[in-house]
């Protein structure tokens with residue numbers, strides 16, 4: 001039997017605490033945009049990513065912000 005996730009055996013859900021979430025946000029922002037997670041959040045809330053909403057990498061980062069992120 002394969003260890004790969006499938007429709008019948010999805011991967012386990014892992015809950016992250018706030019510090020772990022920030023660490024993951026920082027890691028992903030640096031990898032995909034070359035900026036810190038803190039910088040991404042500041043720029044997102046300032047509306048600097050307007051027009052980039054359809055990009056998967058942006059929405060993955062926004063998801064990690066949590067809360068009322070849609071209002072920027």
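The values are calculated or read from the model by the stated rules, or taken from the named source; none is laboratory data. Since the structure is predicted, the reported quantities are computational estimates derived from the model, not experimental observations. We place every Cβ from the backbone using ideal geometry, glycine too, and count neighbours over all the protein chains shown.
Residue count for the stretch 35-54 satisfying the condition of being modelled with pLDDT of 90 or more and surrounded by fewer than 17 Cβ atoms within 10 Å (Cβ to Cβ): 10. Pairing residues of the stretch 48-72 that are in a helix (DSSP H, G or I) with residues that are modelled with pLDDT under 90, at Cβ distances under 6 Å and at least 6 apart in sequence or on separate chains, gives 58/52; 62/69.
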